[in-house]
1. I'm checking a number: the convex hull volume of the Cα atoms of the range 2-75, normalised per residue, in Å³. What is it?
2. For the chain, what relative contact order do you get, as a whole percent, if you take Cα pairs closer than 8 Å and at least 6 residues apart?
3. Where does the chain land at 222 nm, in deg cm²/dmol rounded to the nearest 500, when only DSSP H runs of n ≥ 4 count, each adding -39500 (n - 2.57), divided by all residues?
4. How big is the range 116-156 on each of its three principal axes, counting only the C-alpha atoms and giving the largest first in Å?
5. Can you list the HN-Hα couplings for the range 104-113, worked out from phi with the Karplus curve (6.51, -1.76, 1.60; θ = phi - 60°), rounded to whole Hz and with x for Gly and Pro?
6. Compute and list, largest first, the equivalent-ellipsoid semi-axes of the range 87-154 from the alpha carbon gyration tensor, each √(5λ) rounded to a whole angstrom.
7. P(r) of the chain in 10 Å steps, Cα pairs, percent per bin?
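Every number here is computed from the coordinates shown, using simple stated rules; none is lab data. As the structure is a computational prediction, the values presented were derived from the model and not from experiment.
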Amino acid sequence: MTRTITFKLNGRPRVVEVEDNETLLEVLRNKLGELSVKAACYKGECGLCTVLFNGRPVKSCMVLAVEADGGDVVTAAGIASNGELVPVQKSFIEHGAFQCGFCTPAFVVASHYFLQKNPNPTREEVKEFLSGILCRCTGYKQIVDAILDAAKYYRK
Ligand code: FES
Ligand code: FES
């Protein structure tokens, strides 16, 4: 069955027709052209499809699009504030925390959320929080370094 849903995507209202069994990931990428959201496993294992949904990180392949009706979705393409990169985005660049970059949007979204909740994390806490997101390239060291270094900007 097809339904019309309305939700906010990166601050803009979007209206889209979705199938009952379509995932938020499919709708974001295939119907709304939100290609900053990456896809690999489609079964909740790689974490590359992570977005903020109603303020919390979720794997968008595990959310039905109909569940997003009335909700608020933010992707890596939308977390910059007034065109300025958020601190963790800048830190990823400074630390060279990516190679192919395929995992970067998910890490950026999740770590931006994490640092707002825990601006004084230990290395182990960062690793544990991000353990659901896979990177095939970097070995994670630069990613964790970038997040730990960015944390100072999230402390009030
Ligand atoms: S595509 Fe969603 S967790 Fe892998
Ligand atoms: S930088 Fe290539 S998958 Fe992480």
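1. Measuring per residue, one finds 70 Å³ for the Cα hull of the range 2-75.
2. 24
3. The per-residue figure over the chain is -7500 deg cm²/dmol.
4. 34, 16, 13
5. Coupling constants for the range 104-113: 4, x, 5, 5, 5, 4, 5, 6, 4, 4 Hz.
6. 17, 13, 10
7. 11, 42, 32, 13, 2
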